[in-house]
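The values are calculated or read from the model by the stated rules, or taken from the named source; none is laboratory data. These numbers come from a predicted model, not from an experiment. Quick reminder, even Gly has a Cβ in these numbers, built from the backbone with ideal geometry, and neighbours come from all protein chains shown. Note: accessible area is taken over every heavy atom of the protein model, side chains too, but ligands, DNA and RNA are not part of it. Shrake-Rupley method; radii C 1.70, N 1.55, O 1.52, S 1.80 Å.
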Amino acid sequence: MPNVKRPPGRKRGEVTADDVVAAAIDIVDREGVDALTIRRVADACGLSPMGLYRHVRDKDDLLDRVVDAVVGPGLRDLQASGSWDQQVADLFRYLRRLLLDHPGVAVLCVLRPTPVVGVARFYARILGALAQGGFSGPDAVHAFDTLLMFTFGSVLWEIPRTTTDVRKRLVAVAIGDEAATQIIERANELSQRDPTEYFEAGLTTILDGLRASRPE
């Protein structure tokens with residue numbers, strides 16, 4: 001396991017909270033959430049586990065900081081403007097790109113609540129855009145949840161797949177099953193889907209439905 005060394009010239013006691021979070025992000029991205037332990041992060045920073053607790057309260061605090069460090073900075077600079085639906089589309093495109101760059105964080109967000117400032121700001125911007133479109137109360141929350149679950153589902157579906165593996169598995173499962181004729185006939189198309197194209201198609205479908213259903 002390659003160490004995430006503290007910056008050159010820093011002494012042992014000069015490791016910062018940002019260094020700790022950066023080391024945790026690296027572990028989560030490379031090896032997944034299950035690989036993240038206080039000891040692993042401490043080793044990566046050249047600290048003892050007790051030394052790490054000078055920077056974070058516990059593992060939950062560390063996980064929250066990981067999510068906030070990934071989501072927050074880019075969102076602050078993101079200029080989503082225009083009509084309400086254009087804002088929504090831009091914000092969810094941003095979220096998708098971010099989660100694909102940090103697949104471990106995508107899994108982390110699904111596995112546990114993420115009550116951090118970066119996530120709250122994202123929620124607020126989406127709900128604000130939906131409010132401009134006339135959505136309020138439960139209607140706004142339903143619209144938001146539909147978009148959020150579609151985006152996470154799209155990302156988690158995309159991360160582990162390759163074209164060759166998908167086609168082989170589809171055909172292997174379908175052979176010998178008369179009900180699966182359509183799968184065999186569409187195996188190439190099903191296995192060669194461009195993830196971005198399909199995300200955009202799904203996003204457009206959801207937004208079309210929201211435009212059609214929004215209050216006058």
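Quick look at the numbers
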{"read-out": "Given (1) closer than 14 Å to residue 36 by Cβ; (2) in a loop (DSSP other than H, G, I, E, B); (3) open to solvent by 70 Å² or more (accessible area, probe 1.4 Å), number of the condition residue 65 does not satisfy", "value": "(2)"}
{"read-out": "Test: residue in segment 192-200 that is over 28 Å from residue 61 (Cα atoms) and modelled with pLDDT under 65", "value": "yes"}
{"read-out": "Qualifying residue in segment 93-110 (condition: farther than 18 Å from residue 151 by Cβ and either at pLDDT below 95 or touching a Cys at 6+ places or on another chain (Cβ under 8 Å) (or both))", "value": "no"}
{"read-out": "Residue 34 being of a type in the set (D, E, K, R), under 23 Å from the mean Cα position of the chain (by Cα) and at pLDDT 95 or above", "value": "no"}
{"read-out": "Unmet criterion (only one of (1) in contact (Cβ under 8 Å) with a residue 60 or more places away in the chain; (2) at positive phi) for residue 139", "value": "(2)"}
{"read-out": "Failed item, numbered, when residue 150 is tested on (1) among the hydrophobic types (A, V, I, L, M, F, W, C); (2) modelled with pLDDT of 65 or more; (3) farther than 22 Å from residue 29 by Cα", "value": "(3)"}
{"read-out": "Scan of segment 136-160 for residues that are under 12 Å from the mean Cα position of the chain (by Cα), part of a helix (DSSP H, G or I) and not hydroxyl-bearing (Ser, Thr, Tyr), ordered by number", "value": "148, 149, 150, 152, 153, 155, 156, 157, 158"}
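Residues checked against (1) open to solvent by less than 60 Å² (accessible area, probe 1.4 Å); (2) in a loop (DSSP other than H, G, I, E, B); (3) more than 30 Å from residue 209 (Cα to Cα):
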| site | (1), (2), (3) |
| --- | --- |
| 70 | yes, no, yes |
| 82 | yes, yes, no |
| 92 | yes, no, no |
| 98 | yes, no, no |
| 110 | no, no, no |
| 113 | no, yes, no |
| 118 | yes, no, no |
| 128 | yes, no, no |
| 134 | yes, yes, no |
